[in-house]
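First up is the structure itself, then whatever we jot down about it.
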Amino acid sequence: GSWNIIGSGIFISPKGVLEHAGSVGLSLIVWVCGGGICTLGSMCYAELGVTIPKSGGDYSYVTEIFGGLVGFLLLWSAVLIMYPTTLAVIALTFSNYVLQPAFQNCFPPFIATKLLATICVLFLTWVNCSSVRWATRIQDIFTIGKLLALVLIIIVGLVQISKGHYDALRPSVAFEFSQDPSVGQIALAFLQASFAYSGWNFLNYVTEEVVEPRKNLPRAIYISIPLVTLVYTMTNIAYFSSMTPEELLSSNAVAVTFGEKLLGMFSWVMPISVALSTFGGINGYLFTSSRLCFSGAREGHLPYLLAMIHLKNCTPIPALLLCCIATVVILCIGETHNLINYVSFINYLSYGVTIAGLLYLRKKRPNLARPIKVNLLIPISYLIFWAVLLGFSLYSEPVVCGLGMVIMLTGVPVYFVGVQWKEKPKWLYRLVEKLTYKGQKVCYVVFPQDDPSETEPLTAKATD
């Protein structure tokens, strides 16, 4: 499972991290620290995961601890911002990597990138709508693509370093700053890096399916996150062993540029394996997002239509379509770098709320059975870092980060009208019923049977 954490982000983020950190040395430090922060976060998530054993990750924990409104806001921002934006970024990366070799010395045309990204999202939505089995198969093939790309980059990089090519990595050179380092810029560098690490809480989507979570969940965390941190840092070191910071910043597809410089006639391996990896990433996110809609509709936080599954294929078509439409809209509006800041900011916001929930639960219900219990210093230090990071990112990118918060807060009136207000007028109920019925006809979906064992296969398969 630890390979699922290695996101396609590693093919996108190095450029953003370097841009904000301003020097090679500092950007490597950011990569290592990013992994450390993730470890702290996942230890807290592990405690929550075994204390509140529900699938649905942070959304389930927060709903349980802080009640409906906070849980709903988390769900709202996940459905409207987190999943679609992450998908949009990965889809744009996909098309950048596929098109880069075709346009050797210039950036691919804007429209081409967006078109290809859209086609990719539409295709994978179709695959996910038509069969669960195919979707899991795609996952296996593409994980291999991802590992192939990274192993190749790291080995070639180590060969370069052993040949003595490491000018950019010498301490005297590595800390030459292209701009004066400021806390605000470093905070943004962290946001860029944490995009690549954003898979760490996926370990918790499967708490229900982990055998003996008390032993195995911490073990998974202690092994996989340091491993991922190592892979990410080595990948960056490999990039710097053969590219000057300027080259890295001027490239839209770092690994392709790296391949063209070092692999000679084998340079085609790079765009193909990255394309496979990003493809798999989009597929995985479509999976989890439809699963989240599922949990939300079960709690009554989302329209019931979203929890319905196809009669024959058992795939959550309405949820997939919603996610697909949101992704395509965001994809057409935004550009990669800003989207990453925007989505990481909201991601961090929800992590922080969840981890604050851990502290609150400790205080509110001290006698709850907790098979895994972390030292209180861990969540506290995480929250201090969290507050500093979010404060400074807001300060340095007020528009991008503020926008995310505004969209999140639009969920408040929606919650009070949609969820809280129980005695709605008759005509409104009829309208909703009519729309649900229409949606059912169009998508050919039914509400899964009440027997939980019937819907389990749907959710269990989703995180293979």
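The values are calculated or read from the model by the stated rules, or taken from the named source; none is laboratory data. Since the structure is predicted, the reported quantities are computational estimates derived from the model, not experimental observations. Here the Cβ positions follow ideal geometry from the backbone for every residue, glycine too, while neighbour counts run over all protein chains shown. Each accessible area value is taken on the protein alone, full model and side chains, heavy atoms only, with ligands, DNA and RNA left out. Shrake-Rupley method; radii C 1.70, N 1.55, O 1.52, S 1.80 Å.
Note on the chain: helix-only mean residue ellipticity at 222 nm, from DSSP H runs of 4+ residues weighted -39500 (n - 2.57) and normalised by residue number, equals -23500 deg cm²/dmol. For the stretch 307-443, the solvent-accessible area with a 1.4 angstrom probe is 55 square angstrom per residue. Computing FRET efficiency as 1/(1 + (r/R0)^6) for V329 and V269, where r is the C-beta to C-beta distance and R0 is 41 Å, gives about 0.75. Computed from the C-beta positions of I380 and F103 and an R0 of 41 Å, the FRET efficiency is 0.25 to the nearest 0.05. Projecting the Cα atoms of P316, P14, I161 onto the dipole axis of the chain, where Lys and Arg carry +1 and Asp and Glu carry -1 at the beta carbon, places P316 farthest toward the positive end. When the charge dipole of the chain is built from unit charges on Cβ atoms (+1 for Lys and Arg, -1 for Asp and Glu) and taken about the Cα centre, the candidate among P245, A187, S198 whose Cα reaches farthest toward its positive end is S198. The residues of the stretch 40-167 expose, per residue, 39 Å² of accessible area to a 1.4 Å probe. For the pair F416 and V446, label points projected 7 Å from Cα toward Cβ lie 4.0 nm apart. Under a model in which nothing but the beta-carbon of Lys, Arg (+1) and Asp, Glu (-1) is charged, the chain shows a dipole of about 1080 debye around its Cα centre.
Label sites at F175 and K364, each approximated as a point 7 angstrom past Cα along Cα to Cβ, lie 4.6 nm apart. Within the accessible surface of the chain, defined with a 1.4 Å probe on protein heavy atoms only, the carbon and sulfur portion equals 69 percent.
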